[in-house]
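To keep things clear, I will list the structure first and then write my remarks on it.
The values are calculated or read from the model by the stated rules, or taken from the named source; none is laboratory data. If you're wondering where the values come from, they're calculated on a predicted model, not measured in any experiment. Positions of Cβ are backbone-derived with ideal geometry, glycine not excepted, and every protein chain shown enters the neighbour counts. Each accessible area value is taken on the protein alone, full model and side chains, heavy atoms only, with ligands, DNA and RNA left out. Shrake-Rupley method; radii C 1.70, N 1.55, O 1.52, S 1.80 Å.
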Amino acid sequence: MDGWKKAVRMSFEILYPYVIYVCVTAGISAWMSEAGLGASGYALLLSAVLTSIWLFGIYNRKYEVRRIPLKKVALAMALACSACLVFNLLLLSESGVKSSREIYENGFGLQILAAGIFCPIVEELIFRGLGYRKLREILHFFPAAFVSSVLFGLYHGHLAQGIYAGGMGFLFAWLAESENGILSPMAAHIAANLLSLALTKAGAAEWLMESGLRRAGGIGAAGVLFLLCFCLKGREDQLSW
């Protein structure tokens, strides 16, 4: 019985940040609908901002926010951008492109604020800041990162988006582990989402799908960039900037 109670309590502590986000989003969407505003993009932005403030306070009380050097933030962002390119090129398909277009269908400025900045912040607080940290209390890194990544993938719903999110989620969990904090994966997530927004806006996916050679070249270049950033990450303490 004690083991069952502990499992239920642990599950609750892992999932309650997401429940908070869902409830805030539902409440704001209902309020905006009743008020006749009906702008889902603005509801998403407002709910992400309010939930981020709420969860940031919880995280800071539990673990405190650790400052990290600029070089670590820069390398985390470069790693995430190169991984974003690799995953997107590998998973590139007509349905995936259509799904991305639907996700980023609001005005570009709103997309930047919502999908590019505040959604990554609230998602990192949910999945790496609170969820992953709780998992690490009972699991080693790999199983904790795997569970966190699976949950992050399921959260995105769409198959291609879920696979992409799961892979990126594992990278974000590794960054959270290596820095013992939330700022590095948060900056990495923002960088990856902003890059995805820019590529979608520019129509890069459609251009790459026109030629298998372009796609293969893009995967190769992004893979080399990722390996370079990964090697630099291992030597970051030797960097002077």
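Overview of values
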item	result
Count of the range 138-177 residues which are buried (at least 16 other Cβ atoms within 10 Å of the Cβ), closer than 23 Å to Cys229 by Cα and touching a residue at least 24 places away in the same chain (Cβ under 8 Å)	16
Complete set of residues in the range 45-93 that are among the β-branched types (Val, Ile, Thr) and farther than 20 Å from Ile112 by Cβ	Ile58, Val65, Ile68, Val86
Number of the exception - Ala205 against (1) among the hydrophobic types (A, V, I, L, M, F, W, C); (2) touching a residue at least 40 places away in the same chain (Cβ under 8 Å); (3) under 16 Å from Phe127 (Cβ atoms); (4) crowded, with 20+ Cβ neighbours inside 10 Å	(3)
Some residue of the range 37-58 being exposed (fewer than 12 other Cβ atoms within 10 Å of the Cβ) and more than 29 Å from Leu139 (Cα to Cα)	yes
Selection from the range 188-202 of residues that are crowded, with 18+ Cβ neighbours inside 10 Å and either of a type in the set (D, E, K, R) or under 30 Å from Asn60 (Cα atoms) (or both)	Ala188, His189, Ile190, Ala191, Ala192, Asn193, Leu194, Leu195, Ser196, Leu197
Test result for Val19, surrounded by fewer than 18 Cβ atoms within 10 Å (Cβ to Cβ) and at pLDDT 90 or above	yes
In the range 178-187, the residues that are in contact with a helix residue (DSSP H, G or I) (Cβ under 8 Å, 6 or more places away or on another chain) and either modelled with pLDDT of 95 or more or crowded, with 19+ Cβ neighbours inside 10 Å (or both)	Ile182, Leu183, Ser184, Pro185, Met186, Ala187
Filter result (assigned to a helix (DSSP H, G or I), open to solvent by less than 40 Å² (accessible area, probe 1.4 Å), at pLDDT 65 or above and out of contact with any Ser or Thr (no Cβ under 9 Å at 6 or more places or on another chain)) within the range 82-110	Ser82, Ala83, Val86, Leu89, Leu110
